[in-house]
1. Using beta carbons and a limit of 6 Å, which pairs, at least six apart or on different chains, have the first residue in region 419-436 and farther than 24 Å from P637 by Cα and the second one hydroxyl-bearing (S, T, Y) and surrounded by fewer than 20 Cβ atoms within 10 Å (Cβ to Cβ)?
2. Looking only at region 610-622, count every residue that is over 23 Å from I450 (Cβ atoms) and under 32 Å from the mean Cα position of the chain (by Cα) and tell me the total.
3. Taking interchain pairs and intrachain pairs at least six residues apart, which have beta carbon atoms under 6 angstrom, with the first residue in region 577-588 and within 21 Å of P526 (Cα to Cα) and the second charged (D, E, K, R) and in a helix (DSSP H, G or I)?
4. Taking N284 as meeting all but one of (1) surrounded by fewer than 16 Cβ atoms within 10 Å (Cβ to Cβ); (2) in contact (Cβ under 8 Å) with a residue 40 or more places away in the chain; (3) among the polar types (S, T, N, Q), write down the number of the exception.
5. Scan (1) in contact with a Pro (Cβ under 8 Å, 6 or more places away or on another chain); (2) modelled with pLDDT under 90; (3) open to solvent by 70 Å² or more (accessible area, probe 1.4 Å) for the single condition S601 breaks and write down its number.
6. Which is in the same structural domain as V453 (by the TED database), within 30 Å of H498 (Cα to Cα), touching a helix residue (DSSP H, G or I) at 6+ places or on another chain (Cβ under 7 Å) and open to solvent by less than 70 Å² (accessible area, probe 1.4 Å), of L630, L615?
7. Looking at region 245-270 only, could you name the residues that are open to solvent by less than 30 Å² (accessible area, probe 1.4 Å) and of a type in the set (A, V, I, L, M, F, W, C)?
8. What are the residues in region 539-553 that are free of Cβ contacts under 8 Å to residues at least 24 places away in the same chain, over 9 Å from A522 (Cβ atoms) and open to solvent by less than 60 Å² (accessible area, probe 1.4 Å), if any?
Amino acid sequence: MSNKSIAYRLTLFISLAVITVFITFIIANYLFNQKLIRENNVNRAIVMSMEVSALVNSKVFTTAEVTENIAEQFIYYGTKGDEQVLLSGIVEKYPFIKAIHVHIDSAVPLQYKNFYAIRGEDGDINVGQGNRMISCCDKEREIYDEIKDLTASDWTDPFLCPKKGTVVAANYAPIFYHGEDGKKIFAGQVVIELSLTELNDAINTMKNREKGYAFLITRDGDYITHPNDSNILKRNLYSLPSRMYDNGKLNPKDILQEGKSGWATIYPDILDFQKSWVYYTPINENRWFLIFVMPYRALFAPLYWITARMLTFALLGIILTYLIIKYITKSLVNPLTDVTSKLTALSGVGSNGDNTLNEVKQVSDTLEYLNEWFDHYRIASEQEEVKSLRRKQALQQASEIQQSLIKLNYPAFPNRKDIDLFVAYKPARIVSGDLFDYFLIDNENLVFTIGDVSGKGVPAAIFMSVAQTIIRNKANALKKAKEIVAEVNVELSTSNRHQYFLTLFLGVLNLRTGGLNCCNAAHDFPFILKSDGNIEELREAHGLPLGLYPDRGYKESIVKIEKGDTIVLYTDGVTEQLDSQKNQYGEVRLKENLRKMAKNSLTPFEMVKKIEDDLDVFRGNSPQTDDVCLYTLRYNP
């Protein structure tokens, strides 16, 4: 090397130094960008898997919710002869429901004991009833025999019924009715079959530009959906070929037993064993697992493209830098001082804002860009935290708004002596779905209501507020209870896309004559605590819950309220409150407490507080499971 010219050595050394700086810069940027893109792609894949999980959860949760709703309402529909209308309407509404079977115990006074609605291969819905259980195959009959006496809701293992031609999983729920002592008595069972074939098609037709796929497995590892139909109910997670995953890093047994979400690397045969990223998460409703698979090639395609582009520009830069250095060193070899001054001048290129090949400046510009990017990311994170706080504040404000709309002032009518009432209102959550109201439509007629919206939380509270507004509007124009309820039902039914319904008792009390005109739409029966200490119960039902069928009519009753009589109304949150032994408070216990209070001439305020205290003692440390509304009204002309 010592016998080479100075120009040659200068060119070689400086070029090596420049190349070293370039390579260091490329590697640093590659590693940094690799980390950022990896995190971004993994988060994006998790979001995509959450979309698939949301689809599965919606159908699974909807099936379980529909099963519970039918179990709660079937005996009521049975007494009206509307069993087939109920079942066929639900199968028609939800295309993923393959069949509904209902078995009623002989103790329930219905003409038939078995009812069904089955979707055929041509899409037609077959409904029927009889006194023998209807099943389409031996496997279905075997599973139904195993669960027929179970008194808790759950899911069966998926199975294939050859006659139906689809893989299904059945959700079942018990039917109870309340005996005279207030206890729940097992009266039958509802079974709804969820079509996993329909669910599989829905999962695999979701738009996915990344070319991944998703499928479901049971808690025992059996495949119940898959893009390859031949794997359904024939492949198990425990029996996968060893080349599909690393035994030391991924244990199927740990995944299924722990029931947690996570991700790992696998090599699926359906993708020709190419390296893939898998995300797994449990579906808590039925203890299934969602498996989401995405090829690494699809996940990291942006990283490969950025790296290739970076290498291309880097190579061109190195070649150009080498040529420039070679030209400069040859031009400035004599004298050596000129070369040194030129190299010093070269180190300051770009300091005045002009384009420069100074590597330090390039690194500085890049770090400044990355710093700006991180500042943007930090600001975006802070903004998201602010949005989350605002959502929480909005929910709290919704509770405060609802509380501001609720009448809890006592006395309710301080300028009137002919009526005294008091209401206790306790939501199970931040907002409530229970409804109550009272208002004068003229100087002689008092309208009072109490109701219960299906469900809890914000949706039920919104539905309750809408119903309360409609009742007030209709009551000002109509004075008959059945007409008010019928008009409110039409209004609620026409815009009720989520199938909420409202049980309602509405009364119009003439404060001059004591005549009570009332309509009960499937609500808990009120009590009348007579002035002589006797208790009467208004046990007439005048129609179905509101919000389901706009063309259904309603009846009404006329009751004479005597001076000193007290009307007691309540929602099922009172009678269905559980103690630590899972026993219900019950209608019988409530009635007995009212009978004791009749001897003490308590005011409505004192009666409500006494029942509240008794309910708290009964509940003990058990949580409040439902919204509670307790309402007493005394007529004192």
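The values are calculated or read from the model by the stated rules, or taken from the named source; none is laboratory data. What you see is a predicted model; the values in this text were computed from it and never measured. Neighbour counts are summed over all protein chains in view; Cβ atoms, including those assigned to glycine, are modelled from backbone coordinates with ideal geometry. The accessibility values were calculated without ligands, DNA or RNA, using every heavy atom of the protein model including side chains. Shrake-Rupley method; radii C 1.70, N 1.55, O 1.52, S 1.80 Å.
1. Listed pairs, sorted by first residue: I430/S399; V431/S399.
2. Final tally of qualifying residues: 3.
3. Q577/R619
4. If we test N284 against (1) surrounded by fewer than 16 Cβ atoms within 10 Å (Cβ to Cβ); (2) in contact (Cβ under 8 Å) with a residue 40 or more places away in the chain; (3) among the polar types (S, T, N, Q), just (2) comes out false.
5. (1)
6. Only one candidate passes the filter, namely L630.
7. Within region 245-270, L250, I255, L256, A264, I266 qualify.
8. Result: no residue meets the conditions.
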